[in-house]
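Below is one structure; the comments refer to it alone.
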Amino acid sequence: MNVRQSMALALCVVAATVLAGCAPRGGDTVAASSEWRLQNLEANQLEMQEKDRAAGAEMRSRLQALENRLERLEKKLEDTGSMNAAAQADAEARKAAENAKQYASTAPAPAPAPVAAPQQSPVQAAGHAASAKKAPASQPADETARYQAGVKAVMNEDVKTGRSILEAFLADFPKSGLAPNASYWLGETYYHEKRYAEAILTFKEVVRNYPKHEKAAAAMLKTGYAYEMLGDKSNARFYLQTLVDEYSASEPAALARKRLKSL
């Protein structure tokens, strides 16, 4: 072996030694880098999980607050609805009483046949006078209260109770000035239950019995609506158009005009 070959062999040995020494250090660096990255990813994941838990807790808190607020609003609406129903019933009764007075003043009263008063002794006259004092007077307050109770029940969607009260009212006070209104609200109980055929019959009775009362126009409007709900558009148009022709200045007539455009 000459000098050149010896030198080349020595250089190879040195190079191999250097490379062998460097290899472990490179592997340690890669392993350390990978471990750092894993630790960083774990830390980020834990941080994200913590944020999610915090956000979830905050969301649950907000939802609970919204539910509590919704419950308070619903309770307030229920209380307000009951008050409004009572107020509407009172207003309806007052208006009905006024209309009844006007209707009674315009309706012709039959002339009473003259009847000769029988001769009474002073004792009989005194007895009759005492009986007249003991006779119970009419109670319009009770009459109005019963009507209001029926209307209030219907407005509160307790239509069965309302119908029972109104039917009893009409049986006890058939000649009452509130009878047209009670008959109309009786029809509303059937309409609310979607018993449209019975509602039509009841509303037609209102128009037939009280043609000059303001509830006649409202009853005719609901008659048209009920026929429409039954799919009988021909009769619906007929009654709505009759309402427009016969009660053109009424509020129900204005509603009938709008509905006719869609039929």
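Restricting the stretch 191-208 to residues that are touching a residue at least 24 places away in the same chain (Cβ under 8 Å) and over 18 Å from Ser250 (Cβ atoms), the residue that is nearest to the chain's Cα centre (by Cα) is His192. Lys212 meets all of the listed conditions (1) touching a helix residue (DSSP H, G or I) at 6+ places or on another chain (Cβ under 6 Å); (2) of a type in the set (D, E, K, R); (3) touching a residue at least 24 places away in the same chain (Cβ under 8 Å) but one, namely (1). Selection of the stretch 164-190 for residues being of a type outside the set (Gly, Ala, Ser) and surrounded by fewer than 21 Cβ atoms within 10 Å (Cβ to Cβ) yields Glu167, Leu170, Asp172, Phe173, Pro174, Lys175. You will find that of Leu186, Leu221, Leu243, the residue that is hydrophobic (A, V, I, L, M, F, W, C), outside the structural domain of Lys160 (by TED's automatic domain parsing), more than 24 Å from Asn156 (Cβ to Cβ) and in a helix (DSSP H, G or I) is Leu243 and no other. Of the residues making up the stretch 216-245, those that are in contact with a Pro (Cβ under 6 Å, 6 or more places away or on another chain) and either surrounded by fewer than 22 Cβ atoms within 10 Å (Cβ to Cβ) or modelled with pLDDT under 95 (or both) number 0.
The residue pairs whose first member lies in the stretch 154-171 and is among the polar types (S, T, N, Q), whose second member is surrounded by fewer than 23 Cβ atoms within 10 Å (Cβ to Cβ), and whose beta carbons are closer than 6 Å, counting only pairs six or more residues apart or on different chains, are Asn156/Ala85; Thr161/Ala153.
The values are calculated or read from the model by the stated rules, or taken from the named source; none is laboratory data. Small disclaimer: the values here were computed from a predicted structure and weren't measured. A quick note on method: Cβ atoms are made from the backbone with ideal geometry, for glycine too, and the neighbour counts reach across all protein chains shown.
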